[in-house]
Amino acid sequence: MTGSNGMPSPNLGLRENLAQFSLLVLINAFVGGMVGLERAILPSMAEEEFGLVARAALLSFIVAFGLSKALSNYMAGRLSDRWGRKPVLVVGWFVALPVPFLLMWAPSWRWVVATNVLLGLSQGLTWSATVIMKIDLAGPKQRGLAMGLNEFAGYLAVGLTALATGYIAARYGLRPAPFTLGVVFAALGTVLSLFMVRETRTHAEKESSNLVRGKRAGSWVAGSVFLRVLWTDRELSAANQAGFVNNLNDGMAWGLFPLVFASAGMSLRQIGWLAAIYPAVWGLGQLVTGAASDHLGRKPLIVLGMCVQSCAIALIAFASSFGGFALAAILLGGGTAMVYPTLLAVIGDVADPPWRASAVGVYRLWRDSGYAGGALIAGVVADWFGVTAAVICVAGLTLLSGLVVQVRMSETLRVQR
């Protein structure tokens, strides 16, 4: 079968696009590995090498990362609709290339913050592109599974890289050795994206033509998409705020948990393990939860996942042993695994192909703004009332977000069926 341009019409589905889909899963593992470089050691580096004491100042690198990633997510969605997915992916990897070298040799904390602007820009472009491309390839029937596989690869790589950098730092010091992993990740990601990835926009056009025949697709305007995702569409806006709060608590975990663990007497290797457990469980769990949302529905997993996250964060505040912290990290990873791919599947359910990439960009803009929000809230509350109070505050916000989804969101799985 051929399309209107005389080229073979693409097939939708994971099995039909297994080679390209698997390649994109691998590439997203390298994307996750880049952010995993900082998970275990950057807060310790801020204190030991740059003498930062104020929590708000220490967490400034997460604010820079979150704002940069949020804006580049939005740009990635818009540019993917205009220019195609592959160019966005390739540009994102070129931006990532200097990041590990800057982290190795940054002479001041300002350099680290500036490097995180680059890292956030790269993460927004590359991760958004892989998400959009997998949605394109999978089609409507296996969207949850596709998102589960994508986020599994990314966050398992975050966890494994955090573990590896913790061990390397314990043996060879905080710099430069741990960041050599980033050189490998960036090089492989760039080469594979440039020479082996194929454009997937034709797959979205195929799905769009199917929807036109089914009387579902409609016109779109960029401003209306932004407002719809942010507020006017109940399902999209509920998913939007849940994504924001999810990354708010992740931003707090990234910046404050290593300090909580250190104050409880954990060694650098133990901190590396604890920093790895949470994203590793998060990544592995999405192999199950992404596919489960295709059968059980989106809403139950999101609400339950936010509640589990809230309980896990509260447990971190009151634990004092490695076992207690590890249990809380496992619960936090499991709760996040329920939420993360399912929220992306909600966007894919509701947004039609002509404006889907832009909708994903708007969602990821606000979701990753949560990194900055979490760092600011956690930093200010920690400086005024202590780290424990900051952790409890974020636990409460996470529970409230789950209640908002319960009240505002209707099930979206039936939309794509």
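The values are calculated or read from the model by the stated rules, or taken from the named source; none is laboratory data. The structure presented is a predicted model; accordingly, all values stated were derived computationally and were not measured. We place every Cβ from the backbone using ideal geometry, glycine too, and count neighbours over all the protein chains shown.
Could you identify the single residue in 399, 343 that is under 22 Å from residue 289 (Cβ atoms) and touching a Cys at 6+ places or on another chain (Cβ under 8 Å)?
399
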### Summary
The one condition residue 341 fails out of (1) within 25 Å of residue 276 (Cα to Cα); (2) surrounded by fewer than 19 Cβ atoms within 10 Å (Cβ to Cβ) is (2)
### Query
Can residue 170 be described as more than 17 Å from the chain's Cα centre (by Cα) and of a type in the set (Gly, Ala, Ser)?
yes
## Note on the structure
Among 65, 94, the single one that is at pLDDT 90 or above and under 18 Å from residue 197 (Cα atoms) is 94
### Residue list for the stretch 319-362, filter: in a helix (DSSP H, G or I) and either of a type in the set (D, E, K, R) or at positive phi (or both)
349, 356
### Task
Go through 376, 365 for me and flag whichever is touching a Phe, Trp or Tyr at 6+ places or on another chain (Cβ under 8 Å), assigned to a helix (DSSP H, G or I) and touching a residue at least 12 places away in the same chain (Cβ under 8 Å).
365
### Task
Select from the stretch 220-278 the residues that are surrounded by fewer than 21 Cβ atoms within 10 Å (Cβ to Cβ) and among the small types (Gly, Ala, Ser) and list them in ascending order.
222, 223, 224, 237, 262, 263, 264, 265, 267
### Residues located in the stretch 235-266, provided they are touching a residue at least 24 places away in the same chain (Cβ under 8 Å), of a type in the set (Gly, Ala, Ser) and closer than 27 Å to residue 48 by Cβ
251, 253, 255, 262, 263, 264
### Task
Out of 128, 108, report the one residue that is over 22 Å from residue 25 (Cα atoms), small (Gly, Ala, Ser) and modelled with pLDDT under 95.
108
#### Entry: In the stretch 12-29, the residues that are within 30 Å of residue 272 (Cα to Cα) and over 13 Å from the mean Cα position of the chain (by Cα)
22, 23, 24, 25, 26, 27
### Query
Got at least one residue in the stretch 34-42 being charged (D, E, K, R) and farther than 28 Å from residue 199 by Cα?
yes
### Query
So how many residues does the stretch 281-295 have that are surrounded by fewer than 24 Cβ atoms within 10 Å (Cβ to Cβ) and either modelled with pLDDT of 90 or more or among the aliphatic types (A, V, I, L, M) (or both)?
6
#### Entry: In the stretch 354-401, residue nearest to the chain's Cα centre (by Cα) [restricted to those that are modelled with pLDDT of 90 or more, crowded, with 24+ Cβ neighbours inside 10 Å and β-branched (Val, Ile, Thr)]
398
### Message
Residues that are on the phi > 0 side of the Ramachandran plot, touching a strand residue (DSSP E or B) at 6+ places or on another chain (Cβ under 9 Å) and in contact (Cβ under 8 Å) with a residue 24 or more places away in the chain, at least 2 per element: which helices (runs of 4 or more DSSP H) completely within the stretch 3-81 meet that?
### Response
none
### Task
Scan 112, 88 and give me the residue that is more than 16 Å from residue 179 (Cα to Cα), among the hydrophobic types (A, V, I, L, M, F, W, C), in contact with a Leu (Cβ under 8 Å, 6 or more places away or on another chain) and in a helix (DSSP H, G or I).
88
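Residues are listed down the side, and each one gets a yes or a no for (1) surrounded by fewer than 21 Cβ atoms within 10 Å (Cβ to Cβ); (2) closer than 21 Å to residue 188 by Cβ:
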position	(1), (2)
36	no, yes
48	yes, no
89	no, yes
112	no, no
117	yes, no
## Note on the structure
Within the stretch 130-158, the count of residues that are in a helix (DSSP H, G or I), more than 15 Å from the chain's Cα centre (by Cα) and small (Gly, Ala, Ser) comes to 2
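How many residues, within the stretch 139-172, are of a type in the set (Phe, Trp, Tyr) and either surrounded by fewer than 22 Cβ atoms within 10 Å (Cβ to Cβ) or without any contact (Cβ under 8 Å) to a residue 60 or more places away in the chain (or both)?
So the count comes out to 2.
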### Summary
When residue 300 is run through (1) at pLDDT below 90; (2) closer than 30 Å to residue 13 by Cβ; (3) surrounded by fewer than 17 Cβ atoms within 10 Å (Cβ to Cβ), the failure sits at (1)
